[in-house]
1. In debye, nearest 20: dipole of segment 2-117 around its Cα centre with unit charges on the Cβ of K, R (+) and D, E (-)?
2. Any of LYS385/LYS671; LYS71/LYS734; LYS342/LYS544; LYS312/LYS604; LYS326/LYS387; LYS470/LYS558 with alpha carbons more than 28 Å apart? Name them for me.
3. Less than 12 Å Cβ to Cβ from TYR628, Lys/Arg counted +1 and Asp/Glu -1: what total charge do the surrounding residues give?
4. Calculate the spin-label point distance for HIS82 paired with THR488, positioning each point 7 Å from the Cα along the beta-carbon direction, and give it in nanometres.
5. Label segment 649-741 by shape, choosing from rounded, prolate and oblate, from the square roots a ≥ b ≥ c of the eigenvalues of the Cα gyration tensor; if a/c is under 1.5 it is rounded, and otherwise prolate applies when a/b is larger than b/c, oblate when it is not.
6. Could you calculate the contour length gain from LYS426 to TYR659, that is, 0.36 nm times the residue separation minus the distance between their Cα atoms, to one decimal place in nm?
7. Just to confirm my numbers, what's the Cα centroid distance between segment 429-445 and segment 468-493 in Å?
8. DSSP beta bridges in segment 215-395, what fraction antiparallel, as a percent rounded to 5?
Amino acid sequence: MSSTSSAITPHKILSIALPTPLYRAFDYIYPINHKGNDIQPGQRVIVSFGRRTLTGIVLEIKSESDFPIAKLKPVTLLIDTHPILPPSIMSMAKWASQYYCHPIGEVLFAIIPTALRQGKAICIASTRRWSINKDRADKAELLIKTNAKKQSALYQALSHSSDGLLESTIRLLGYTSTHIKALKDKRLINEEELDALTAAATEYNISQPDWPLSEEQNTAVSTIGKHIGEYQGFLLQGVTGSGKTEVYMHLVDKVLQNNQQALILVPEISLTPQTLARFQNHFNCPIGTIHSGLSQSERLTNWELARQGAAKIIIGTRSAIFTPMKNLGCIIVDEEHDTSFKQQEGFRYSARDLAVARGHKEKCPVVLGSATPSFESINNAQCGKYKKISLPSRAGGATFPDIELLDIKSRPLEGGLSRPLIDSIKHHLDNKQQVIVYLNRRGFAPAIMCEDCGWLADCKHCDSRMTLHKHPAHLRCHHCDSRNAIPTSCPSCQSVNLKTLGTGTEKAEEILEARFPDTPIIRVDRDSTRKKSAMKNLVDEVNKGLPCILVGTQMLAKGHNFANVTLVAVVDADGGLFSADFRALEKTAQLLIQVAGRSGRGSKKGQVIIQTCHGDHPILQQIAKGNYQELAEDLLEERKDACLPPFAYMTLLKAENPYLSNATHLLEQAKQIAPHFQSSTSHPIEVLGPIPAAMSRKAGVHRSHLLFVAESRSALQRLTQQLCSWLNDNKWGKTRWMIDVDPTEVN
Ligand code: ADP
Ligand code: ZN
Ligand code: ZN
């Protein structure tokens with residue numbers, strides 16, 4: 001072929017998103033005398049950018065550019081023959097980039113698997129499937145008699161599913177390759193090599209007959225089921241233990257029967273082996289998971305299976321909302337009030353809000369489920385945006401626990417625990433029941449102090465105290481993770497009279513161990529569950545049903561379903577009652593009701609004891625009555641009067657600099673310019689600040705805030721976007737700024 005190098009080679013102009021913090025796309029030339037497919041948005045390319053070579057994603061194909069054509073560089077290489085992202089995800093990313101004021105390149109690169117960011121080809125890992133060796137089933141009896149508990153449990157799990165289980169599933173359930181190998185060596189199980197696509201295509205069948213649904217559950221499933229194929233938002237408000245998960249599973253059945261896929265979002269903390277096992281048992285088909293615990297190739301494989309439509313069910317945390325699905329039939333957001341659905345760094349999006357937006361676009365029902373819905377969702381249900389479905393009673397005949405407020409104002413406490421509380425714990429243990437002791441601090445004690453001069457161990461880098469940890473012994477800042485040795489004497493006056501203040505999970509554990517030496521005490525917090533299978537092991541331990549005390553943080557509040565827990569003890573309910581954050585009461589109520597909800601889920605009635613110095617506080621009173629709806633309606637009235645979300649919208653502008661004055665300077669300028677960005681006086685926007693963040697100095701950097709509040713979302717959006725351009729057009733030296741749209745934390 002002899003093409004004379006004419007001045008005008010036929011070409012197109014590609015607008016390309018690159019992984020840079022710049023708020024724009026970049027134009028490149030793409031010669032169209034290339035053979036092959038027409039280029040489309042969503043395909044990846046390689047381009048040279050300054051001195052670097054970058055992977056980019058095609059946003060748009062244009063015939064003109066704002067830049068002189070002669071200055072545009074050609075695309076170096078086209079990576080994909082087909083788009084990796086379908087138009088639906090491309091448009092969701094563009095929308096989110098605008099709405100949350102985050103650069104499109106960073107958005108797109110945040111939502112694709114790491115391997116694809118690096119320009120690698122899409123590939124699906126092969127996988128192994130294990131099933132029991134039926135010929136030697138009689139030999140398995142022996143296994144149960146030996147002490148190989150894990151092996152025996154794995155064998156049981158395998159024998160429950162007719163086609164066996166994928167190795168990835170087995171590992172998700174908390175078993176290791178050692179367990180698999182042990183069973184393999186005994187020739188009790190067989191292996192089979194599968195490519196993941198075949199594996200995912202395994203016909204699903206319900207392996208475990210569930211209970212018949214209650215009438216309420218049935219109504220919920222059929223009401224939502226009627227909307228398969230179109231958008232409708234639902235708020236599924238069901239008390240703790242009302243069987244919401246069962247409703248999700250039957251709804252997903254319907255979606256699968258309709259040959260569509262289901263996307264289920266769960267809070268970070270509750271993607272526990274227990275939750276997965278429930279889904280796994282019900283569906284007996286591979287379930288794709290998307291979460292931070294996966295390896296790069298596992299994540300890419302699951303993502304690709306969802307994209308091709310082979311994985312019928314995807315369960316994942318926040319970022320899974322961006323998983324491309326070939327034929328999306330419903331989105332479920334479990335525990336929709338959970339704050340982990342909001343990303344607090346970088347691209348600050350709300351996965352719950354995006355779920356609703358995505359349901360609209362892809363025409364499928366969206367179910368937001370919770371016992372304690374966010375006030376936003378309650379309000380949306382009240383004004384008719386969502387249909388509300390209630391499950392007011394517990395499933396399977398379990399009753400709601402009694403909640404008692406225990407006044408500790410003038411009681412002596414041992415490590416935060418009062419005498420009556422300890423007596424109650426003893427009572428439940430004597431009755432062969434299990435107990436949860438909840439407190440919201442990990443470590444041994446939240447502060448260490450000199451009794452002679454009042455010196456307190458502060459973090460050098462933050463406005464905060466160092467927490468004392470005993471296992472292993474050190475001081476640690478929970479905000480920047482810096483660590484020090486525990487001093488033996490006061491650095492200020494050399495006194496050796498150092499004492500700890502307050503109680504953390506380690507201290508409570510120590511005190512309970514001394515009180516109840518014959519009872520297993522299981523501590524559950526981020527420190528004790530760091531190891532991969534730790535959570536699974538402790539859940540197994542609790543599920544044996546023997547008397548024990550679980551002492552831990554919020555991790556205990558969420559998603560767990562322990563049938564034998566009959567007492568939940570809240571060590572201190574007062575922390576969140578008098579905070580400056582306008583959402584503090586909402587969050588406190590949600591947390592306390594969720595923890596309380598772990599009690600009495602089985603056949604025995606449960607009890608909840610909440611220690612407090614403010615027993616007459618109206619919120620605690622309502623919590624004690626178990627009346628979340630009434631509490632929410634009261635607080636919503638107050639929000640309405642004060643013109644706070646959900647009756648107003650917020651944008652938070654944050655600035656950071658090693659010097660507070662520099663951070664404040666940027667915000668002052670922003671405050672001055674803001675009125676120029678307000679298009680109409682009929683939609684006033686209130687500007688509050690600048691004020692230093694609640695913890696002004698964190699990891700050596702000062703942080704300050706400017707808050708914009710408006711009743712009109714569109715007016716606030718316009719202002720936010722203009723403010724963002726203005727911030728981009730000006731130089732701020734070492735001061736970093738960030739925009740948080742619909743912030744969940746404004747302190
Ligand atoms: P939630 O998610 O609302 O807190 P779960 O779905 O975990 O509640 O259900 C609580 C318990 O009730 C679980 O042990 C579940 O297996 C059981 N359960 C759910 N639905 C039924 C039913 N229809 N009949 C009997 N037990 C049920
Ligand atoms: Zn001292
Ligand atoms: Zn610190």
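The values are calculated or read from the model by the stated rules, or taken from the named source; none is laboratory data. This is a predicted model, so every value here is computed, not measured. Note that we place each Cβ from the backbone using ideal geometry, even for glycine, and neighbour counts take in every protein chain shown. Side chains are part of the model used for accessible areas, which takes the heavy atoms of the whole protein and leaves out ligands, DNA and RNA. Shrake-Rupley method; radii C 1.70, N 1.55, O 1.52, S 1.80 Å.
1. Here segment 2-117 has a charge dipole of around 280 debye.
2. From the list (LYS385/LYS671; LYS71/LYS734; LYS342/LYS544; LYS312/LYS604; LYS326/LYS387; LYS470/LYS558), the Cα-Cα distance tops 28 Å for LYS385/LYS671; LYS71/LYS734; LYS342/LYS544; LYS312/LYS604.
3. -3
4. Label at THR488, label at HIS82, 6.9 nm between them.
5. Prolate, since a/c reaches 1.5 and a/b exceeds b/c.
6. 78.6 nm
7. So the two Cα centres are separated by 25 Å.
8. Counting only bridges with both partners in segment 215-395, antiparallel ones make up about 5 percent.
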